[in-house]
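Peer 1: If you scroll down you'll find the structure; I have some questions about it.
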């Protein structure tokens with residue numbers, strides 16, 4: 001028995017629809033591992049910074065500094081605090097000696113970039129300084145993420161910024 005023209009077109013349409021569906025399923029299956037890999041890297045990088053803050057809190061000198069590259073730069077809250085990693089070690093050694101470094105709790109963190117170099121900003125809270133912002137750059141080196149650059153700044157509410165500015169100018173003159 002011969003198929004009529006309508007039946008042939010319906011079968012062709014259904015076949016085309018099935019092929020498109022199967023193509024989309026294959027595409028999703030192929031791309032899914034790439035998405036998971038990116039998410040896995042994000043988890044690893046977040047763990048790097050979470051571990052940094054935990055090590056600082058617990059005064060874990062060796063593991064804290066193992067998270068940085070050997071040529072990393074750290075910018076502290078004071079305008080004179082632009083430190084190589086060795087200078088930061090000298091500053092931190094006494095603070096970490098008793099097993100208590102400094103404590104900054106993460107409020108939020110944002111990431112940018114992809115590939116082997118990423119950058120971030122995070123809002124932190126410290127009991128003495130209030131809200132601060134950490135910004136930095138991490139780099140994948142020999143399959144391990146390391147901190148290349150970290151900057152810590154104090155966040156000053158606009159309502160008191162002028163007053164703080166006057167105080168910093170007075171402090172600069174002393």
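The values are calculated or read from the model by the stated rules, or taken from the named source; none is laboratory data. Given the structure is predicted, the values throughout are model-derived calculations rather than measurements. With ideal geometry, Cβ positions are generated from the backbone for all residues, glycine too; neighbour counts draw on all protein chains shown.
Peer 1: With more than 11 Å from the chain's Cα centre (by Cα) and more than 22 Å from residue 61 (Cα to Cα) as the only criterion, which of 97, 162 stands out?
Peer 2: 162
Peer 1: Among the numbered criteria (1) at pLDDT 95 or above; (2) within 23 Å of residue 133 (Cβ to Cβ); (3) surrounded by 10 or more Cβ atoms within 10 Å (Cβ to Cβ), which one does residue 42 miss?
Peer 2: (1)
Peer 1: Could you tell me whether any residue of region 137-158 is assigned to a helix (DSSP H, G or I) and either over 19 Å from residue 85 (Cβ atoms) or within 16 Å of the chain's Cα centre (by Cα) (or both)?
Peer 2: The answer is yes; a qualifying residue exists.
Peer 1: Filter region 125-136 down to the residues that are within 19 Å of residue 64 (Cβ to Cβ) and within 13 Å of the chain's Cα centre (by Cα) and list them by number.
Peer 2: Within region 125-136, 134, 135, 136 qualify.
Peer 1: Looking at region 62-81, which of its residues are without any contact (Cβ under 8 Å) to a residue 40 or more places away in the chain, surrounded by 12 or more Cβ atoms within 10 Å (Cβ to Cβ) and under 21 Å from the mean Cα position of the chain (by Cα)?
Peer 2: 63, 64, 65, 66
Peer 1: Then there is this: Exactly one condition in (1) farther than 27 Å from residue 140 by Cβ; (2) at pLDDT 95 or above is not met by residue 24; state its number.
Peer 2: So residue 24 meets the others, but not (2).
Peer 1: Could you list, in sequence order, the residues of region 97-133 that are out of contact with any strand residue (DSSP E or B) (no Cβ under 8 Å at 6 or more places or on another chain) and at pLDDT 95 or above?
Peer 2: Once the filter is applied, which keeps residues that are out of contact with any strand residue (DSSP E or B) (no Cβ under 8 Å at 6 or more places or on another chain) and at pLDDT 95 or above, region 97-133 yields 127, 128.
Peer 1: Surrounded by 15 or more Cβ atoms within 10 Å (Cβ to Cβ), in contact with a strand residue (DSSP E or B) (Cβ under 7 Å, 6 or more places away or on another chain), over 21 Å from residue 65 (Cβ atoms) and modelled with pLDDT of 95 or more: does that describe residue 145?
Peer 2: No, not satisfied.
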